[in-house]
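Right, one structure below, let's go through it.
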Amino acid sequence: MKRYMIVSLAAALLLSACGGGEPESTPQPSATATPGAAQAGSQPAVQQPATATPSASSQAGRPSDAQATPEQDAQFVTLPDIQSSMSALDSYRARFNFSFEGKDKDGKAVNTQFEVIQEVADNKDQRVRTVGSGSVASGTFELLTVGGVRYMYVLEGGTANCVSFSSDQPASAPAAMINPEDVIGSGQKARLVEKGVTINGIKTDRYALDESASIAVVGQGSGEAWVAQEGGFIVRLAGTATGKTALFDNAEGTAKWEYQVEDINNVSRVELPEACVAQKPADDIPAPASAKDKAQFGNVLTFKTGDTIEQVVSFYQTELPKLGWTQKEVSEVGDMRILDFTKGDRSLNITINKSDSGTEVLIVEKKGE
């Protein structure tokens, strides 16, 4: 598990620290990508004026639709605020690849690669998958939000583990997991190079980034960005930098990265890994209508209620049998009540206790016992 936390932390640091830069011989995405990858129906549903107008900062960072003049080419502009423009998309898949090769202060080789993929579906379910390999850390770590329930998935050495968790608080917005703005940083300066370049089925304008844009590595760096002509969001960003990085204890070497958005308005659903399907919250363990501060972590459910202990006991003794549960025991320890129920190979242990604000309930489900 420790290795996966390293992967997750490193990916988060990369996403919050990486500036732009130009890769040396970075492969270009296909300019003839399948149209369906960027379409909803027959046309890309990218911020049409009637439904999603690019933000003021996005418009300010975009050149006019006229062909670039030599004077415009010589001027650097600020890249658009892509967080707000991305949030207007119905769905998308974003990929971020980062690699670093160099040596640490002791001369030991440091080689690592990360790929982070974010999927946001039409219904705003989301999945962020981080895969790391190399000398620093390796493994797969995922955070998912499906049907209002969040999941943490880890794959290590061929063994998959998943835990689900939820609460009364709404799930975080997709941009809170991977904010594309964090990939390029804010206030990056770019110079218009070419207009009307099709990337992943989207017509874009290509910009060269200022060398000073690189903040992942302190040293020399450069890069390019492709900005959608409609919507003003970053479709692709690619870069490289050579120097020292605090991400790996001031190791010195070369970092390369690429970010791109695919399947715009063409992601219909987010699939749960098989290990997470078994962790979906049970639909036959009810809570009283008065329940508040509900929280679920794996097979444990907690909540508070203003009902009395006796009312909660009566609720479960009445409602659970209707759902196929059989009551086994009732224990009393002072004011606390403990109820046990079974259903097939499953069991429930319900602890009901008095609190300053009313009653607290702890439910633990076990399977195969």
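Quick look at the numbers
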| item | result |
| --- | --- |
| Packing rank of 128-134, 221-227, 192-198, where each peptide gets the mean count of other beta carbons within 10 Å, highest leading | 221-227, 128-134, 192-198 |
| Inter-label distance, nm, simple model (7 Å from Cα along the C-beta direction), residue 268/residue 198 | 2.4 |
| Gain upon complete extension [residue 220, residue 76; 0.36 nm per residue less C-alpha separation] | 50.0 nm |
| Estimated inter-spin distance, residue 249 and residue 111, nm [label 7 Å along Cα→Cβ] | 1.9 |
| 363, 202 arranged by Cβ crowding within 10 Å, fewest neighbours leading | 363, 202 |
| Projected label distance in nm at residue 133 and residue 167, using a 7 Å step from Cα toward the beta-carbon | 3.7 |
| Euclidean distance of C-alpha centroids, region 234-290 and region 338-361, integer Å | 36 |
| Pairwise FRET efficiency - residue 330 versus residue 280, Cβ, R0 = 25 Å, nearest 0.05 | 0.30 |
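Values quoted throughout were computed directly from the atomic coordinates according to the rules given, and no laboratory measurement underlies them. The structure presented is a predicted model; accordingly, all values stated were derived computationally and were not measured. Glycine gets a Cβ as well: all are built from the backbone with ideal geometry, and neighbour counts include every protein chain shown.
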